[in-house]
1. Using Cβ counts within 10 Å as a stand-in for footprinting exposure, how do B:Met102, B:Met87 rank, fewest first?
2. How long are the semi-axes of the ellipsoid equivalent to region A:83-202, from square roots of 5 times the Cα gyration tensor eigenvalues, in whole Å, largest first?
3. In whole Å, what are the Cα extents of region A:2-192 along the three principal axes, biggest one first?
4. Fewest Cβ neighbours within 10 Å first, please rank B:Asp190, B:Asp447 accordingly.
5. Once the other residues with Cβ under 14 Å from the Cβ of B:Arg70 are scored (Lys, Arg +1; Asp, Glu -1), what is the net sum?
6. Percentage of Cα-Cα pair distances in region B:261-346 greater than 17 Å, rounded to whole percent?
7. I'd like the projected area of chain B, averaged over all directions, using the convex hull of its alpha carbons. Report it in nm² with one decimal.
8. Please tell me which of these pairs span more than 22 angstrom C-alpha to C-alpha: B:Lys66/B:Lys278; A:Lys132/B:Lys156; A:Lys14/B:Lys278; B:Lys183/B:Lys414; A:Lys136/A:Lys179?
Amino acid sequence: MAQTWLEKIKKSEKIGLIQDGKRKVHYRFREGEEMVEEYSMDTDVLVRRAWRKRGTLGADGIWEVEIGDPEPNSSNFESLGIKESNSAPFVARRITKSNLEWRIRNLPYSLDVYTVTAEPENRCITVRTSNKKYFKKLSVPDLERAGLLPEQGRIKFTHQHNTLIITYQKPSEVIQLEKKILEEVKAVKVAHDGDASKCNPS
Amino acid sequence: MASVAAAKVQEVREITRIERIGAHSHIRGLGLDDSLEPRHVSQGMVGQLSARRAAGVVLEMIKEGKIAGRAILLAGQPGTGKTAIAMGIAQALGPDTPFTSMAGSEIYSLEFSKTEALTQAIRKSIGVRIKEETEIIEGEVVEIQVERPATGVGTKVGKLTLKTTEMETIYDLGNKMIESLMKEKVKAGDVITIDKATGKISRLGRSFTRARDYDATGPQTRFVQCPEGELQKRKEVVHTVTVHEVDVINSRTHGFLALFSGDTGEIKAEVREQINSKVAEWREEGKAEIVPGVLFIDEVHMLDIECFSFLNRALENEMAPVVIMATNRGITRIRGTNYKSPHGIPIDLLDRMIIVSTSPYQEKELKEILKIRCEEEDCEMTDDALTVLTRIALETSLRYAIQLITTASLVSRKRKSTEVDIDDVKRVYSLFLDENRSAQFLKEYQDEFMFNELEDESMEVSAG
């Protein structure tokens with residue numbers, strides 16, 4: 001599993017760019033999938049990763065954000081006429097040097113309401129609320145790519161400022177894999193775009 | 001200012017629930033029994049027995065879906081139910097089989113060429129049933145709130161609260177979704193799914209937790225469990241899309257240029273070829289199924305010789321749909337040539353078609369049709385009035401008699417009667433001229449109309 005992910009990255013078409021203090025890489029995979037990653041130049045930590053897949057009928061999908069804050073207006077409210085309310089909880093994922101993190105915002109309930117369990121049989125971490133207001137199965141793609149299952153012992157969670165923060169301590173396999181990927185990323189030729197302020201729009 | 005606004009509020013009426021009545025909205029099928037024998041009066045169809053039996057056979061052929069590229073011609077005098085039969089076929093096929101209805105003159109457009117319009121119509125009539133993974137919202141409705149703006153105009157906003165056994169979420173609603181929720185008559189306690197790709201709502205049933213409510217539920221109400229887990233799920237659903245829709249999706253300009261492309265206009269031949277091979281590939285892999293549908297071209301004599309020769313060729317394609325055409329012309333000139341031909345259609349194309357003819361209605365049948373239309377237009381009529389109306393239909397035309405139904409019912413309502421009487425029919429008969437009397441009138445007073453001195457020449461042109 002770990003090998004295949006590395007292989008997939010190696011085989012993809014990559015375009016690199018350094019902009020606004022971030023190393024941005026665009027991957028194009030064989031099945032029409034696209035992925036974009038942004039690494040911080042200071043810490044080499046991944047700050048954003050988004051995917052776009054082709055629909056079955058050939059239409060371009062929308063960008064799905066795996067890591068980083070979700071796109072503010074990714075829903076097609078105008079044409080569809082339904083979207084989650086602004087006060088509805090949403091998940092933002094982050095990666096730090098040693099942890100995988102989920103921040104579920106807009107959750108006002110106190111800490112004792114939540115239970116967070118690892119469910120290796122479903123390859124996910126499940127968040128439940130005792131008042132039956134919120135339920136979410138969080139998939140952990142980083143573990144899947146390393147061929148690992150979630151373990152209860154590595155999960156910690158806290159609650160503050162209407163946000164439930166779940167942290168999962170990275171296993172060493174994940175850290176190893178990330179290192180190898182970073183090597184690949186650094187090998188990509190980058191176009192120095194400079195910063196946007198230099199651009200002189202007439 | 002305030003009084004103006006108040007007056008406006010009154011004008012705004014909820015129109016989403018009223019279904020408008022069209023010329024053929026009383027038709028719900030072909031009115032055949034299991035052995036394809038036509039019942040005399042059924043599903044809004046009356047008489048025309050042999051034509052309906054023929055249409056039933058065609059229907060079976062379409063349902064089997066094996067035979068592509070057949071053409072059927074419905075020929076008959078005006079007002080003998082050609083369009084009605086086509087609509088009957090469409091109704092009997094159900095919503096899953098693509099049925100495209102167009103008039104012959106629709107293909108003349110400045111936006112794209114005649115053959116492009118025909119190709120699009122043909123490709124709109126072929127469905128592809130394909131499995132697709134989409135995101136759906138599935139839950140039990142806790143509450144629907146709709147806020148109307150105080151002025152009565154402008155966009156409505158609303159909130160929909162859905163829950164599962166584990167969670168609850170509030171959704172903001174736009175105008176379109178509010179309207180479709182109202183159309184489906186969704187209320188609190190219903191279990192619904194919303195397809196996030198298309199916005200389609202389907203009601204699964206009532207929640208078991210509401211089973212004790214003293215709601216007036218019909219015997220067909222289904223009770224279902226409240227869904228479990230997350231509200232949004234990824235599910236494989238089977239969609240039927242037309243090949244034309246796949247064309248459009250794949251011919252859109254990619255990237256930021258997509259912002260400026262509204263209409264698709266002509267679709268490139270390469271795109272179509274690519275789609276054809278893709279569809280063939282899906283079919284071989286068992287991922288998709290082809291659903292050949294029906295293309296109905298009304299007033300087919302309006303097509304010209306180029307279109308006919310194009311159709312000749314297009315019908316030979318194995319992806320071609322069944323084409324039903326209707327015409328009310330006899331032996332007439334083929335558009336775009338000086339040659340005359342039966343129905344205004346070239347002989348070589350006629351040779352490829354099976355021809356179903358309709359005949360004028362008998363008096364009894366006319367009465368039945370008028371009765372059905374009275375019901376459809378929500379108008380009660382005395383037997384005498386109906387007999388008079390039937391006579392009018394026999395002597396003038398069925399269409400004229402149908403026009404008189406609603407007008408007569410309006411006249412009867414003015415004199416505060418619930419039933420239409422002979423006098424009302426007589427009244428509207430004198431108010432509104434039929435085509436014969438109008439022609440008569442013109443002949444009598446020709447001299448007093450403008451430009452009458454040019455009359456001879458113009459008559460010759462239109463006759464020739």
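1. Fewest-to-most ranking of B:Met102, B:Met87: B:Met102, B:Met87.
2. Values for region A:83-202, descending: 32, 23, 12 Å.
3. Dimensions of region A:2-192 along the principal axes of its Cα atoms: 51, 45, 33 Å.
4. Sorted ascending by nearby Cβ count, the order is B:Asp447, B:Asp190.
5. Surrounding charge for B:Arg70 is -2.
6. Of the Cα pairs, 63 percent sit more than 17 Å apart.
7. Mean shadow area of the hull around the Cα atoms is 31.7 nm².
8. Among B:Lys66/B:Lys278; A:Lys132/B:Lys156; A:Lys14/B:Lys278; B:Lys183/B:Lys414; A:Lys136/A:Lys179, the Cα-Cα distance tops 22 Å for A:Lys132/B:Lys156; A:Lys14/B:Lys278; B:Lys183/B:Lys414; A:Lys136/A:Lys179.
Any read-out appearing in this document is the output of simple, stated calculations on the displayed coordinates, not a laboratory observation. The model shown is predicted, which means the values in this text are computed figures rather than measured ones. Cβ: placed from backbone, ideal geometry, glycine included. Neighbour counts: every protein chain shown.
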